[in-house]
Amino acid sequence: MVLAIDAGFRCLGWALIDDVKGEHCVIECGVIETKPNPDVSMAASDCLRATLQGEQLHTLLMRVDLEHGGLPLVAIELPHGGAKSARASRTMGIATGVIGAVCGATGADAFYVTPSQGKLAATRNRAASKQEVIDGVQRQVTGYTPGSYKKTHREAIADAIAAYLALTLL
């Protein structure tokens, strides 16, 4: 069993995936969303959001451990840089730190892939669009119905599944 994660601060996509008789099956998937708190400073808001994200990710890992008899492997899509702004770099760094800390605290084994590796695994194209990734993961896994999620959630979940697919190729 693998918990696949698309690292993000505003919207962290995740999918719990198992290999059943040679098929990649999404058991469940979702997002962890955080929103800025306009009533406090940006730094305080980021700290509150990181705490919320960490608590929700920890709860998810502990629930999977309890319900499925062990911690899953964790496949994480982590960008290698190139953020569009200093703020984007900062928030990606926070999300990366939260994920690493929660995996470390729970003892979950984490494996990291780049967005290019995920796109290649899902579509055979390192420069694939978000929609191409969604279509590619739909062809390769069962149990993922992207139409039931809003656009940003579809994309984050598909990127998480692509991270899982990349992990299966390593």
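What to note about this one:
- Between the range 1-43 and the range 126-170, the alpha-carbon center distance in angstrom: 12 Å
- Measuring with a 1.4 angstrom probe and ignoring ligands and nucleic acids, residue 155 comes out at about 40 Å² accessible.
- This model, with +1 at the C-beta of Lys and Arg and -1 at the C-beta of Asp and Glu, gives the range 71-141 a dipole about its Cα centre of some 300 debye.
- Count of lysine pairs in the chain with Cα separation under 19 Å (8 or more residues apart, or interchain): 7
- Where trypsin sites (Lys or Arg not before Pro) in DSSP loops with at most 14 other Cβ within 10 Å are excluded, longest remaining stretch of the chain: 22-83
- Three semi-axes of the equivalent ellipsoid, the chain, Cα gyration tensor, whole Å, largest first: 25, 19, 14
- A probe of 1.4 angstrom, applied to the heavy atoms of all protein chains, finds residue 25 with accessible area near 20 square angstrom.
- Protein-only accessible surface at a 1.4 angstrom probe places the residues 1, 42, 92 in the order 42, 1, 92, largest first.
- Once both labels are positioned 7 Å from their Cα atoms along Cα-to-Cβ, the gap between residue 20 and residue 84 label points is 3.8 nm.
- Helix axis angle, 42-68 relative to the chain longest principal axis, alpha carbon, degrees: 30 degrees
- Check: the chain dipole with +1 on Lys, Arg Cβ and -1 on Asp, Glu Cβ, in debye: 680 debye
- Solvent exposure ordering (accessible area, 1.4 Å, most first) of 19, 65, 39, 6: 39, 19, 65, 6
- Considering only 52, 66, 16, the Gaussian network model of the chain with Cα springs below 10 Å gives its largest mean-square fluctuation to 66.
The values are calculated or read from the model by the stated rules, or taken from the named source; none is laboratory data. This one's a predicted model, so the numbers in the text were calculated from it and none came from an experiment. As a convention, Cβ positions derive from the backbone with ideal geometry for all residues, glycine included, and neighbour counts pool all protein chains shown. The area values use the complete protein model at the heavy-atom level, side chains included, leaving out ligands, DNA and RNA. Shrake-Rupley method; radii C 1.70, N 1.55, O 1.52, S 1.80 Å.
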